[in-house]
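Colleague: Okay, handing you the structure first.
What follows is calculated from the coordinates using simple rules that are stated; it is not laboratory data. Everything numeric here is computed off the predicted structure, so don't read it as measured data. Backbone-built Cβ (ideal geometry, glycine too); neighbour counts: all protein chains shown.
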Amino acid sequence: MRENPIIDLIKQYNRAFVTDTVREVVADLRKELLTKSAEDESREQLTARIISRAVNLATIHSRGTLRQVINATGVVLHTNLGRAPLGDKAIAYINDVAGVYNNLEMNLEEGERGSRYQHVEALLCRTTGAEAALIVNNNAAAVLLGLNTLAKGRQVIVSRGQLIEIGGSFRIPDIMKLSGAELIEVGTTNKTHPADIKAAINENTGLLFMAHTSNFKIVGFTEEVALIDLVNIGGEYEIPIMQDLGSGVLLDLSKYGMSEEPTVQSCVKAGADVITFSGDKLLGGPQAGIIVGKKKYIEAMKKNQLLRALRVDKITIAALEGTLIEYLAGNPEHKVPVLNMLTKSEAELNKEAQLLMNRLKSKIANNPLVESISKGKTYDVVGGGAYPTYNMEGVAVEIRFRDHVLEQVTRNMRLQRPAIITRKQENALIISMRTLNRDNHQPIVNGLLEALEDINQK
Ligand SMILES: *Cc1c(COP(=O)(O)O)cnc(C)c1O
């Protein structure tokens, strides 16, 4: 056979993959020919179409589907967009161990088997002030492991105001059931008093549980039992306290005008026995569930068989070490991307917006589909279920289009590589500067140009 691109494909990929791809194309084409009145297409023409489609499809399939997204939404912790982007050190730490053997489970001092959990523990204790620490796959796993270890077959008391749902699949009552613990609801939706908790305690109470209501706020006539009161009750009846903090912020963000979130350190200090939080929310690290607290409870969790099913990989451990080191080094606002984005000043955002706007104006202002390009204030969001009612003032570049093409432009940009995700607001395309860096500017300009060209050609 002369130059056959299919033979080239087989050289590049494996045969089964190529035959599957060609079969898929042929099946599609058959369907197409059945519905269309068959135009006279020669055998050669059809073959050429099959080959060119197969080459395209093989290229698409062989790339995988996970790709870079430029986040122009201003939502810092966007669960759909992979939550926290990692900092340089976390990535460097991953690079150091990912492609080589490492001491994941080896005690180099003794030359014996070690534990993967020894690695970040000291760092977590140093940064949070806790006695002991453990990490698992995510915070949902941390809560599950905590409940299962400390309260399986026993009762767990929770205020009705804290029976939360996070992102659909994490609900306190469901995870409680899964853990084998029995949920005892006390108080009411808006008010729970220390006396309600005390009244529910009996000899079968295993745990007092507190969940941070991270993604909503009840306002008005409300009262919750403070951690310190819960700790006092726990002390009096000798029952441990477990707190699901959700986001788990280590840096006091109050000097940046954000104050409603308690830090992990303050909860440790207040005496919570076990605290769980996510690695990829406000901490700014990899997906992980971090558990810190009193040694005897953490040790019990390390002995739980369930831990084997929830364990983390070397890549997670490396990324978490690389993130936590930045807190010890004392400049996390600049080195941890999530914190950097949250603490950007208005002047900085304005400057970036001006730069991007100038570039956009010089490239697309004359496009017949573009009505205006301007810079304005917007509101950004922390996301990831943290600071639900806090609107951060942000700065955005706003673009208005003619001929109702906004929808087409945003779709086109979404399907590019890298994908560009923007926000729509009152018929304008909003590019919020907070979640962008300077390297994103050129791809955004190119992406918009490409989208407008595609639309113009239609
Ligand atoms: C986000 C969150 C969770 C779930 O954490 P994952 O790391 O996504 O598993 C659980 N509880 C609270 C309070 C949260 O905010």
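Colleague: When ranked by the protection proxy of mean other Cβ atoms within 10 Å per residue, highest first, what sequence do the peptides 123-133, 332-342 form?
Modeller: Going from most to least packed, we get 332-342, 123-133.
Colleague: Using the alpha-carbon atoms, what tilt in degrees (0 to 90, nearest 10) does helix 346-364 show relative to the longest principal axis of the chain?
Modeller: Helix 346-364 sits at roughly 10 degrees to that axis.
Colleague: Of LYS217/LYS255; LYS89/LYS302; LYS217/LYS361; LYS191/LYS302; LYS191/LYS303; LYS255/LYS375, which sit over 30 Å apart, Cα to Cα?
Modeller: In this structure, LYS217/LYS361; LYS191/LYS302; LYS191/LYS303 exceed 30 Å between Cα atoms.
Colleague: How do the peptides 143-149, 264-270 rank, highest first, by the average count of neighbouring beta carbon atoms within 10 Å per residue?
Modeller: So the peptides 143-149, 264-270, ranked by packing, come out 143-149, 264-270.
Colleague: When only DSSP loop residues count, what trypsin sites (Lys or Arg not before Pro) in the range 151-180 have their Cβ near at most 12 other Cβ atoms within 10 Å?
Modeller: Passing sites in the range 151-180 do not exist.
Colleague: Further question: Relative to the first principal axis of the alpha-carbon coordinates of the chain, what is the inclination of helix 88-98, with its axis defined by its Cα atoms, in degrees from 0 to 90 and to the nearest 10?
Modeller: Long axis of 88-98 versus the principal axis of the chain: about 90 degrees.
Colleague: Under the classification rounded if a/c is under 1.5, otherwise prolate if a/b is larger than b/c and oblate if not, where does the chain fall, given a ≥ b ≥ c as square roots of the Cα gyration tensor eigenvalues?
Modeller: prolate
Colleague: Within 10 Å, count the other beta carbons around each residue, average over each peptide in 399-406, 23-30, and list them highest first.
Modeller: Averaged packing, sorted descending, gives the order 399-406, 23-30.
Colleague: Over the range 1-158, what is the mean sequence separation of C-alpha contacts under 8 Å (at least six apart), divided by residue count, expressed as relative contact order in percent?
Modeller: Dividing the mean separation by the residue count of the range 1-158 yields 11 percent.
Colleague: With contacts defined as alpha carbon pairs under 8 Å and 6 or more residues apart, what's the relative contact order of the range 146-246 in percent?
Modeller: 32
Colleague: Can you compute 3J(HN,Hα) from phi for each residue in the range 327-333, using the Karplus curve 6.51 cos²θ - 1.76 cosθ + 1.60 with θ = phi - 60°, rounded to whole Hz and x for Gly and Pro?
Modeller: Karplus-based 3J(HN,Hα) across the range 327-333 equals 6, 5, 5, x, 9, x, 4 Hz.
Colleague: Right, something else. Restricting to DSSP H runs of at least four residues, report the calculated mean residue ellipticity at 222 nm for the chain, -39500 (n - 2.57) per run over all residues, nearest 500 deg cm²/dmol.
Modeller: Theoretical 222 nm ellipticity from helices: -13500 deg cm²/dmol.
Colleague: So, one more: Considering Cα pairs under 8 angstrom that are at least six residues apart, work out the relative contact order of the range 250-341 and quote it in whole percent.
Modeller: With pairs under 8 Å counted, the relative contact order is 21 percent.
Colleague: Moving on. If each residue of separation counts as 0.36 nm, what is the full-extension length gain between ASN80 and ALA226 once their alpha-carbon separation is subtracted?
Modeller: So the extension gain works out to 49.3 nm.
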